[in-house]
1. Can you tell me which of Glu243, Glu235 is buried (at least 16 other Cβ atoms within 10 Å of the Cβ), out of contact with any strand residue (DSSP E or B) (no Cβ under 9 Å at 6 or more places or on another chain) and not assigned by TED's automatic domain parsing to the domain that holds Pro281?
2. Of all the residues that make up segment 43-60, how many are within 20 Å of the chain's Cα centre (by Cα) and either in contact (Cβ under 8 Å) with a residue 24 or more places away in the chain or surrounded by fewer than 18 Cβ atoms within 10 Å (Cβ to Cβ) (or both)?
3. Starting from segment 280-293, take each residue that is in contact (Cβ under 8 Å) with a residue 24 or more places away in the chain and list its partners that are of a type in the set (Lys, Arg), counting only C-beta distances under 8 angstrom and pairs at least six apart or across chains.
4. Determine whether Met291 is within 15 Å of Lys213 (Cα to Cα) and touching a strand residue (DSSP E or B) at 6+ places or on another chain (Cβ under 8 Å).
5. Limited to segment 244-259, what total is found for residues that are touching a helix residue (DSSP H, G or I) at 6+ places or on another chain (Cβ under 7 Å) and either under 17 Å from Gln313 (Cβ atoms) or modelled with pLDDT of 95 or more (or both)?
6. Please enumerate the residues belonging to segment 5-32 that are within 16 Å of the chain's Cα centre (by Cα) and part of a strand (DSSP E or B).
7. Within the bounds of segment 264-272, is there any residue that is among the polar types (S, T, N, Q) and closer than 22 Å to Leu505 by Cβ?
8. In segment 402-423, what residues are of a type outside the set (A, V, I, L, M, F, W, C) and buried (at least 19 other Cβ atoms within 10 Å of the Cβ)?
Amino acid sequence: MAVIGIDLGTTNSLASIWRNGKIELIPNVFGEYLTPSVVSFGEEGEIYVGKVAKERLITAPSVTFAEFKRYMGTDYQYSDGKGNHYTAEDLSSFVLRRLKEDAEVYLGEEVTEAVISVPAYFNDDKRCATKNAGELAGLRVERLINEPSAVALKHHMGVERAETFIIFDFGGGTLDVSLVDAFDNMVEIQAVSGDNYLGGKDFNELIADDFYKQNYLVKEVRTKEELGVVLKEAELLKWELTEKDEAKRTVYLDGREYTMHMTNQHLIHIGAELFKRMAAPIRQVINDTGMGMEEIEKLILVGGSSKMPVVGQYLRKLLAIPVVQDTSPDESIAAGVGIAAAIKERSGDVKDMILADICPFSLGTELYDGSFSPIIERNDTLPCSQTREYVTVKDFQTRMNFPIYQGDSMIAKENLLLGTMTIKDLPRAVKGGVCAGVTFMYDINGILDIRIVSGEQSLHKVIVNRRMGLSEEELEARLAQLRQMTLSPMEDDKVRYLLEKAKRLYQECSPAVREHIAQQVSVFRRIMEYERNARMRREACVRFTIFLEAVEQNKFAFHDFDESFFDDDREEDRREDNQEEDSQEDN
C-alpha cells in the first residue's frame, strides 16, 4: 500500500508520491495538481470539495468555507445550514479524503498512510488537529513535517555541495521562515519563525477594502454574496499584478458597474503593515542562529503568494543577499513531503537522506511568580532531552506543581497549556531544602515525555495533547457521523463545476451578459440530462468550458455570439459513436 505526501494548504492542497526513483505529483479529477481547500455543503447532504466548492463561495456563501486552516486546533464552528456543526479539523478531513481518493485512482491501489505538512509555527493544538483530520479521512498519520523543512528537502535533493539558505514560505494563509544548513545528505534546520495569520488572503482583503474606499461604498451593508464577488475580483486582480504593474477589474453591484483599480506601487503603499510583518520572522531566525548575512547564500521564495512581484521587491530591498523564486512555488512543499514520505519508508535513492528538524516553540513550566521557565528551548534539534532542577520556595512545602507549557512568552499563562504534573508528600524542610529534577524528552512526532525525580519519588508522564490521538471510541463515533456526509461523486464533479461556475459568473456580470449565460446554461443542462452519447456529452462540456472562459476573460462581444454553439445535432458523429459503442459491446 502506498504512502503519499500531502501539502494541506490554506488555499490549495495537493498530494505526491516517490515512485520509480523520482517524485510524482498526483492529479485530481480535473487533471490538475492543485485542489482548492474549500468545502461546501449541498442541499441533499452531499459535500463538494475543491473547484466545485470554490465556485460556491459566491453562489452559496453561507454553507461554503475556505481558509479554515487558520482555525485548526480551535473550537471554531462551521454550520451546514441544517443544524450540523463542523470544526476546521472536520473540514480538513473532507479535503484529505478527496486527495486520498484522487491518489487511489491515479495509483490504482489503496492508500492508507500519509505524511502531512504543517506550518513550522503551528503549535501543539494545531498539529494534533491535523493528525486527527488525517485519521478522520481514513489515513494513518505517523509523521508531520514542517512546510519549509519539506521545501529544504526538495531544494537540496541531488545537491552535493554545502549550502546555507533561508526558506521564505508565503502561502495563502500563513508565513513560515526557516534558516537551513545543508551538506552531503543532511538537511539541518537551524531556526524557524513565522506568522500563522499572514498570507495572500490578507492582500485580497486589502485590495477589496481599497476598492470600497475608492468607490465610496460601505462594506458593512453588503450581502455575503456581494462581499464574495468583491473578494473574488480582488484575488483575480492580485494575480493580474503578477504579470503587469497595473490592473483593472469591473465589478457589478446592485446593477451598477464599478472599477477596481490597483498598481503594484499603490499595493506597496497600502500594504506597509503587512510587509513589516514579513520582516519580523526573517529577523528572528537570523538572530536565533547568530549568523551574519555574509554566511547566508540566498533566500528562496516558495508558496503561491510569493509569486507577487511586490513580495520579492520588498525582500530584495530589505536584505543584502540574493532573493530567488523557486521554480515551482505552488508545488515545492508537496514534492518535499513526498520525499519525506519516501525517507520514512526508506525508499530507494532517498533512504539515506537525513532531515534534522527543530522544536518550533519552547517547552517548560511555570515558576511560583507566574514566569515561564523553558526546559527545551525553541530551535533545539529534535529529538532532544533536557533536564532542569527546581527547589521548594516555602518552608515545610510538601508538594510541587509543574504546569507544562509550550510557547515563548515570559508569562507562563500566555503560552499553550499542555498538562499539569504534581509531585506530593515531599519531606518537610526549609525553603530550598527539597529539589526536583525535571526531564523533558521531545520527539519528531510531537510526543513530550516528562520525568520528575525528587529523592525516592519518581513521577512519569507522556503528555499527549487533549486533541491528539482520538481514542478508538471517539474516532469511530466521529467517523460514523462523517460517513453520513458523502463527498460528491468524482465523475459528477466536472459537470457540477461548470454549472457552479456559470452561476457565479451570472452573479458577477452585467444584465446583458447574464442573458447569454442563462441561455447557454439551459442548453448545457438539456444536453447533460437527455444526451446519452458519451462523445456528445464530452463535446458539450468542452464547448461550455470555452464559453465560460470567454465570459471570464471578456474576450468576445456577446451580441455576436453564435446561438448554434450548442445546438448542432451532428448526426454523423452520433451514428459513428453509436457504431463504435455497438462494436465494443459485440466484442
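The values are calculated or read from the model by the stated rules, or taken from the named source; none is laboratory data. Keep in mind that this is a model prediction, so the values were computed, not measured. For neighbour counting, all protein chains shown are included, and Cβ atoms are generated from backbone atoms with ideal geometry for every residue, glycine included.
1. Only one candidate passes the filter, namely Glu235.
2. Final tally of qualifying residues: 9.
3. That search, which allows pairs on different chains as well, returns Asp288/Arg378.
4. Spelling it out, it is not the case that Met291 is within 15 Å of Lys213 (Cα to Cα) and touching a strand residue (DSSP E or B) at 6+ places or on another chain (Cβ under 8 Å).
5. Matching residues across segment 244-259 total 2.
6. Within segment 5-32, Gly5, Ile6, Asp7, Asn12, Ser13, Leu14, Ala15, Ser16 qualify.
7. no
8. Tyr405, Gln406, Gly407, Asn415
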